[in-house]
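Note sheet for the following structure.
The values are calculated or read from the model by the stated rules, or taken from the named source; none is laboratory data. All figures in this text were calculated on a predicted structure; none of them were measured in a lab. FYI the Cβ positions are ideal-geometry reconstructions off the backbone, even for glycines, and counts take in every protein chain you see.
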Amino acid sequence: MIPTIVVFVYLAVVLYIGIFAFRKGSSSGEDYFVASRSLGNWVFLLSLFGTNMTAFAILGSSGLAYQRGIGVYGLMASASGFVIPLTIFFIGTRLWAMGKKFGHITQVQYFRDRWECGHIGTLIFAVTAAMLVPYIIIGVMGGGQTLEALSTMMGPDGKPHLFEVVRNGQTLMEPRHWISYEVGGGLVALVVMSYVFFGGMRGTAWVNTFQTIMFLTFGTVAFFFISHNLGGFDKIIEALVANPKTQPLLTRARIPIEEFFSYTFIPLSSIMFPHIAIMCMTAKKASAFKKTVTFYPLCIAAIWLPCVFLGVVAAGQFPGLKPGEADDVILRMLTENTHVALAGVLGAAIMACVMASDSQILALCTMFTEDVFAYYGGKQRFGEKAQVWTGRAFVVGVTIVAYLIAIKLKDKAGIFELAIRFAFSGFAALAPVMLAALFWKRSTKWGALAAVVWVVVTLLGSFWLFEATANMAPKPGQPPTQIFPAVGNLFLRTPGNVTIYGYLPVMFMVLGSAFWMWLVSMLTPAPSAKAVEKYFPKN
C-alpha cells in the first residue's frame, strides 16, 4: 500500500493548489477562463508544456515502444521537437496578440470575427469539442491504470501475488490490486474535476507547473534506478540484442518508412488543440514565448527518451502483452525494480503527467461558455457569474462522460493509438484552417466550412474502416493485411491503424484540408474589406 499512499498524498497536494488558486482569483469570467492573461514566463512555459504532455507521453509512448521499438522516439518526439516550437512561435504569438487586442479567449471567437461567420463557428466548436473528448478519456484511462498497477499486491519475493480467476470459462492466474482500474480512474477524475471546478485557468496553470516539474525529473530517476537494478545499461542492451524477439525493437524494423514520414504531420495538431490555443492567450508578455520555443525541445527529450527506452526494456521483462495491456509496462517496471517508497514517488510523477487532462476539460468548458452560452445571449441575459457557473457545471458533465467511456475501453484500446486515430489526426487536419485565417487575406468562411467537413468525413471514414477490419489486424511484427485485395495496397490494416499505401490517414487529411480550404475560398466571395482591414491593417 505504500506507493498508493504516496500517490494519495500527491493528489491531496494537487487539490490544495487548485483550491488555493480559487482563493487568489476573482469571480470574473476572464480570470476563470484565462487567468486574467497574467501568467509569467516560467509558469507559462511549464504549464503549456505540461498541458501538451498527458498520459500519451509517458504511458502511451512506453506502451507503443514495447510493441514497435526504439523508433517510436523518432515517430513523435523528434518531429515534435521542431514543429511544435515553430507553431507556437509563428501561430501562438499571433493568437496571443489578437486575443489581447480584440478580447478573444477561444479559437472560435477569432474565426467568427475574422470571417464574420456565426453558425459555421458553432460547427467548428462542435467538431473540436468532439475530437477533444478522446484526449480527456485518455487521462482517465491513464489514472486508472496507474493506481491499479501501483497498488498491485506483492508476494514475499517482490513479485506480484497471483490468484486464480475464472474468466470466460477458463481458470487464469492474475494479480490482485488494492485499487481497481475503475476506482483509480474515478479518483483521478474527481480530483481533476474539483480543482478545475474551483481554480479555473489559474488553478490549472499552477497545478500543471507543479506537475511538470515532477514528471520532468521522473524519466532520469526511473531510468537510473531501474537500469541499476537490472544490472546496468550495458547488460540490458546485451540481453535485448541476444533475444531474437527483442532485437528488432532496437531498430526501425517494425516502423515502415511511409508510416514514419506520416507522423511528421501529427505535431501540427498541437496549436489547433483548444487547450493549447487558449493557453497561448494567458501569457502576460510576448517574451514568455521566447523561453517556450527555446526549452520546449529539451523538455520533450527529457520525457520521451527514457520512457521509450524503458518501454523497449519491458518487452524483455514482460513478453506477450496485448496493445491495451502494454500501456502500464512502465508502471510494472517501477513496482518490480524499485523500492516501494520510490515506486510511489515515481508513480506520483506519472500521475502528474496523466492528470494533464485538466487543461482539456477546462478548454471544453471555456469553449462551451464563450462560443455557445455567451454567443447565443446567455451572458447578456443571465450575467457573468452565471456564465462561470455554467462552465463549472459543464466541467462536471464532461468529466462524468469521459469516465464512463474510459471504463468501457479498459484493455480494448491502447492510449497511443487512441490519441493518434482521433485527437491528433483530426486537429492536425484543422491546422490549414488556422494558418489560412492568420496569414491569408483571401481565405473565406466557406473555405473553412469545406475543410471542416472534409475532416469530419475522413475521420469518420477512417474510424469505420478501422472498426470494420478489427478481425483482419495482424499481430505486432507481422506485415500489414490488404483490406481490399482487388485494389492492392491502397488500404492496409496494421496492428494499430488503417493506412493508405502505407501512409497514415492524417497525411491525406491535412493535405485534403489545405486543398479544400484553398479551392473553395477562391470560388467564393472574399471577406468584407472591413474584416480584412481589421486583421491585416496596412500600417
> In the range 68-108, which residue that is under 19 Å from the mean Cα position of the chain (by Cα), of a type outside the set (Gly, Ala, Ser) and within 30 Å of Thr369 (Cβ to Cβ) is surrounded by the most Cβ atoms within 10 Å (Cβ to Cβ)?
Replying inline: Gln107
> Tally time: how many residues in the range 370-402 are aromatic (Phe, Trp, Tyr) and assigned to a helix (DSSP H, G or I)?
Replying inline: 4
>> Against the conditions (1) within 20 Å of Ile58 (Cβ to Cβ); (2) in contact with a Leu (Cβ under 9 Å, 6 or more places away or on another chain), where does Leu305 fall short? Just the number, please.
In response: (2)
>> I'd like to check which helices (runs of 4 or more DSSP H) are fully inside the range 264-350 and have at least 2 residues that are out of contact with any Gly (no Cβ under 7 Å at 6 or more places or on another chain) and of a type in the set (Gly, Ala, Ser).
In response: 269-272, 288-317
> Hey, any hits in the range 488-505 for a residue that's closer than 30 Å to Met98 by Cβ and in a helix (DSSP H, G or I)?
Replying inline: no
>> Within the range 168-216, take every residue that is of a type outside the set (Ser, Thr, Tyr), surrounded by fewer than 21 Cβ atoms within 10 Å (Cβ to Cβ) and in a loop (DSSP other than H, G, I, E, B) and give me the one that is modelled with the lowest pLDDT.
In response: Asn168
> Which helices (runs of 4 or more DSSP H) does the range 3-81 wholly contain that include 3 or more residues that are at pLDDT below 80?
Replying inline: 29-34, 41-52
>> Need the failing condition index for Thr122 against (1) hydroxyl-bearing (Ser, Thr, Tyr); (2) within 30 Å of Tyr535 (Cβ to Cβ); (3) crowded, with 24+ Cβ neighbours inside 10 Å; (4) touching an Asp or Glu at 6+ places or on another chain (Cβ under 8 Å), just the number.
In response: (3)
>> For the range 240-263, check the following and say yes or no: at least one residue is within 30 Å of Ala205 (Cβ to Cβ) and under 17 Å from the mean Cα position of the chain (by Cα).
In response: yes
>> Looking for something in contact with a helix residue (DSSP H, G or I) (Cβ under 8 Å, 6 or more places away or on another chain) and in a loop (DSSP other than H, G, I, E, B) - is there at least one such residue anywhere in the range 353-369?
In response: no
>> Please go through the range 469-494 and give me each residue that is surrounded by fewer than 18 Cβ atoms within 10 Å (Cβ to Cβ) and of a type outside the set (A, V, I, L, M, F, W, C), ordered by number.
In response: Thr469, Asn471, Pro474, Lys475, Gly477, Gln478, Pro479, Thr481, Gln482, Pro485, Gly488, Asn489
> Across the range 358-410, which residue is surrounded by the fewest Cβ atoms within 10 Å (Cβ to Cβ) among those that are among the acidic types (Asp, Glu) and at pLDDT 80 or above?
Replying inline: Glu370
>> When you check Gly121 against the structure, is it under 14 Å from Val372 (Cα atoms) and either assigned to a helix (DSSP H, G or I) or of a type in the set (Ser, Thr, Tyr) (or both), yes or no?
In response: yes
